[in-house]
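In what follows, a structure is listed as structure tokens, so that the remarks can point back to it.
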Amino acid sequence: MTSKRIFKLIFELATFAAMLAALYAIFLYAPVEKTMGLVQKIFYIHVPSAFLAFLGFFITFIASILYLYKRDHKWDVAAFCSAEIGVIFCTIVLITGPIWAKPIWNVWWTWDPRLTTTLILWFIYISYLMLRRSVKESQQGNFSAVFGIIGFVNVPITFLAIRLWRSIHPVLITSRGINISTPMKHTLALTFLAFCLLFFYLLKSRIKLEKMKMEIEMFSALIEENIHYQKN
Amino acid sequence: MFPGILWVAFIFSALLGLSRSFGVERDRGTLLGLLLCPVSPWEIFLAKMIGTLIFTVIMEIFTILVFTILYNQNLLPFLLPLGLVVLLGTLGFSAIGTIFSAMSSTSKARDVILSILVFPISVPVIIASVKATGLILDGGSIQTVYAWLKILVAFDLVFLLLAFLTFGYIMEE
Amino acid sequence: MGSSIYLFSAFSSTWIIIFIYIFSMVRKQRTLEIRIEKLRATLENKLAAENAR
């Protein structure tokens, strides 16, 4: 096995192990919160997913800029795949959030600044994915890159929504640091690491899929060329 | 409820102007001619945006007149702050709408794509405008509206800056 | 039962979403791999036929 394949295998095993370890930590290491009870453990999925959604959209932002600057197709691929995975994690946030909210706040949804901006963010990147399917190939890259840049404006707004407006959404990172108990901090860090690895695993797989599609196009083009050459 | 209804009417007028903004160009193939002019893409953007802005402002004036009559509201004492908010909000919406009108004019489902693209991005502008309008109509002074005005101005500047940086790429064929 | 049902549904929806995504990618990868192999074989046949002439 080449070193590249060994590295890939280690990465995949690490992802799997981290997820398993995170699961253990969530249920058997972290204490049960006194006011919210067991439901609070949704926090360990909800928070890392939110950050990873932001990360995904940030990667789309940077890749879009690089695509416009360098015109290399690979940046377009990176932007598009990262947006897809960002949407996946944003969906997870928007599903786990209300599930957590129902027993705690007694409503599935409120038009709170944090919730609203996150929903808008989700819509923006869904629109991004739909834009790609609606325009023709030659302009797909340019248009989605511009949209990827414009859409990112919403990410800082979503993140800072709790600080800018009054919100009932709990604040995690305060000026005194992250104010939860230490075993919870450890569990959060571990789950965050596990989801991070998962994010990059999904990203790599998705990009590989796109590369395979490009390979197919290349082979098809070669065969076409070959047929033409033979006919002449 | 009144500011919300007002702004829904404004948004629809703006969308009408926007879909026509680049739609006509693509249909008649005059976009190439436009690009051949010795002007930068930014100037094309400004021209298109101002066109949409003027169209929308005219529609908004009519809409405000109709609403004043239908809802029996006297808007004269609020004319200046209201005008300012409406102008800033329409400016932001037109800016972002012009960019997306250029993008969506190439596809077949032109208006659908335009709406899908414009609405999520322009939500902060719309919310700020509606809130500011509501505060003004409830009798607040410019001071109370200041926070929302800041947001409006910030977004207008951000959208204009983004248009300046990226419109050239949209204009490429 | 009580509040545990919420915990269960949150975790399981996350798992379902992620697994659906991974499975769809794996399936697409399989189909693409088969196509690449076929194309590669076709190309090689053509080149071999070329060289034989």
**Message:** Can you list residue pairs whose Cβ atoms sit under 6 Å apart, with the first residue in segment C:9-25 being within 7 Å of another protein chain (Cβ to nearest Cβ) and the second being hydroxyl-bearing (Ser, Thr, Tyr)? Count only pairs 6 or more apart in sequence or on different chains.
**Reply:** C:10/A:96; C:25/A:205
**Request:** Considering only segment A:25-59, state which residues are touching a Ser or Thr at 6+ places or on another chain (Cβ under 7 Å) and of a type in the set (A, V, I, L, M, F, W, C).
**Result:** A:25, A:26, A:30, A:38, A:39, A:42, A:45, A:59
**Filtered residues of segment A:218-232 (kept if surrounded by 14 or more Cβ atoms within 10 Å (Cβ to Cβ) and modelled with pLDDT under 75)** = A:226
**Complete:** Residue hits (segment A:24-75; closer than 30 Å to residue A:153 by Cα, in contact (Cβ under 8 Å) with a residue 60 or more places away in the chain and not in a helix (DSSP H, G or I)) are none
**Complete:** Of the candidates A:184, A:212, the one satisfying the condition of being assigned to a helix (DSSP H, G or I), over 21 Å from the mean Cα position of the chain (by Cα), of a type outside the set (Lys, Arg) and buried (at least 19 other Cβ atoms within 10 Å of the Cβ) is A:184
**Complete:** For segment C:6-39, the count of residues that are exposed (fewer than 14 other Cβ atoms within 10 Å of the Cβ) and over 25 Å from residue A:200 (Cα atoms) equals 4
**Message:** One residue is enough: does segment A:99-112 have a residue meeting the conditions part of a helix (DSSP H, G or I), surrounded by fewer than 20 Cβ atoms within 10 Å (Cβ to Cβ) and either among the aliphatic types (A, V, I, L, M) or in contact with a Cys (Cβ under 6 Å, 6 or more places away or on another chain) (or both)?
**Reply:** yes
**Prompt:** Does residue A:154 fit the bill of being of a type in the set (S, T, N, Q), within 12 Å of another protein chain (Cβ to nearest Cβ) and crowded, with 19+ Cβ neighbours inside 10 Å?
**Reply:** yes
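The values are calculated or read from the model by the stated rules, or taken from the named source; none is laboratory data. Nothing here was measured: the structure is a model prediction, and the numbers come from that model. Methodologically, a virtual Cβ is constructed for each residue, glycine included, from the backbone with ideal geometry; neighbour enumeration extends over all protein chains shown.
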